[in-house]
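Structure record follows, encoded as structure tokens.
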Amino acid sequence: MQVKSRLKFPTLAIVGKGAIGGLMGFKCHQLGYNYQHLVKTQPQPLFKVTDITGVSHSFTPNASVITQPNPFDLLILPVKAYQVMSVLEQLAPFIEPHHIIMLLHNGMGTIEQVKEKLPNNPLIAATTSYGAFKPDANTLLETGLGQTHLGWIGSVDITLKQAIEPILSALLPPSHWHQDIALALWKKLAINSVINPLTAIHNLKNGELADIKYNANISNICLEISTVMRALDYSIDSTELIKNVQQVISATANNYSSMHQDLKFKRHTEIEFINGYVISKATELNIKVPHNQRLLEQIRQLE
Ligand code: KPL
């Protein structure tokens, strides 16, 4: 197919059918996009989605087995940070240099890994605050309308940008495209570095962190992160990070964080890509981050 027409109607491949992946597939279905989920086993049963307004929808998602994907132009990875490289390894025989890769997960550190493995592929990094919950494999509840922040890593052809950005922007709106997505990723990293380990360690809903007894700890964690960010040339103040954290605590008060759920269901957590990433950058810069270090150790023990 001609490059231009292929870009006009790109085929999206969404890895897995987790909460955010499932939600994206549902949006693709609603928007009439050409998409497929890449799944472990076929066939796919009826998928029931209850949207944020409480309306229920049933449909059978398009899917292919990950070992035999149908051709795609854009590969979306809404998987845990620690799964990114193994998924790309598995898909390696099917990935060509023009395929666009989009990362969408909590934490940081995968951009460096993906760029090393696939240096020529256009790469998008994204973060979303949409909330979705899967009570079972074939049921999905949209629990919160969020915002999505996206950005290209490195320079990219303008035709490619103009073709792809509107398509992705419509999926989890409102979508904000950034020149420097790393700043948005760091801000989200600060939110996850506080809420995820604290809720997991103390067995809390996100909203319970609003209790005054957590204030000092939250400030210390944010102060360490803002020190690292400033050393990386981001102009940021810890008060801004603390405010962002407090906003998310109140906006998601009734939710359990993903790390809380991971520990509860005895799954691997993303701690190495969250507080672990803060610590690795701090070490490179010779900055001490004892509060982040403590959280990492506590979660490692609980895992
Ligand atoms: O991203 C989240 C997570 O749980 O992983 C937050 C924003 C903390 C919401 O729960």
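The values are calculated or read from the model by the stated rules, or taken from the named source; none is laboratory data. Remember, predicted model here, so these are calculated numbers, not experimental data. Using ideal geometry, Cβ is built from the backbone for each residue, glycine included, and neighbour counts are taken over all protein chains shown. These area figures cover heavy atoms from the full protein model, side chains too; ligands, DNA and RNA do not enter into them. Shrake-Rupley method; radii C 1.70, N 1.55, O 1.52, S 1.80 Å.
Among residues belonging to the stretch 80-120 that are assigned to a loop (DSSP other than H, G, I, E, B) and under 11 Å from the mean Cα position of the chain (by Cα), point out the one that is surrounded by the most Cβ atoms within 10 Å (Cβ to Cβ). Checking each candidate, the answer is Gly107. Which residue is most open to solvent (accessible area, probe 1.4 Å), if the candidates are limited to the stretch 177-205 and must be modelled with pLDDT of 95 or more and of a type in the set (S, T, N, Q)? Going through the qualifying residues, I end up with Asn203. When the stretch 281-292 is filtered for residues that are open to solvent by 30 Å² or more (accessible area, probe 1.4 Å), under 22 Å from Ile218 (Cβ atoms) and in a helix (DSSP H, G or I), the ones remaining, listed by number, are Lys281, Pro290, His291.
Quick check on my filter: what residues within the stretch 121-173 are within 16 Å of the ligand (Cβ to nearest atom) and open to solvent by 30 Å² or more (accessible area, probe 1.4 Å)? Scanning the stretch 121-173 gives Ser129, Phe133, Lys134, Leu141, Thr143, Leu145, Gln147, His149. Evaluating Thr227 against the criteria (1) more than 16 Å from the ligand (Cβ to nearest atom); (2) among the hydroxyl-bearing types (Ser, Thr, Tyr); (3) surrounded by 20 or more Cβ atoms within 10 Å (Cβ to Cβ) leaves one unmet condition, (3). Test Gln301 against the stated conditions and say whether it is within 15 Å of the ligand (Cβ to nearest atom) and out of contact with any Phe, Trp or Tyr (no Cβ under 8 Å at 6 or more places or on another chain). Judged against the criteria, Gln301 is not a match. Scanning the stretch 188-218 for residues being farther than 20 Å from Asn255 by Cα and in contact (Cβ under 8 Å) with a residue 40 or more places away in the chain gives a total of 1. If the condition is being closer than 20 Å to Leu296 by Cβ, in a helix (DSSP H, G or I), touching a residue at least 60 places away in the same chain (Cβ under 8 Å) and not small (Gly, Ala, Ser), then the stretch 224-268 contributes Glu224, Ile225, Thr227, Val228, Met259, His260, Asp262, Leu263.
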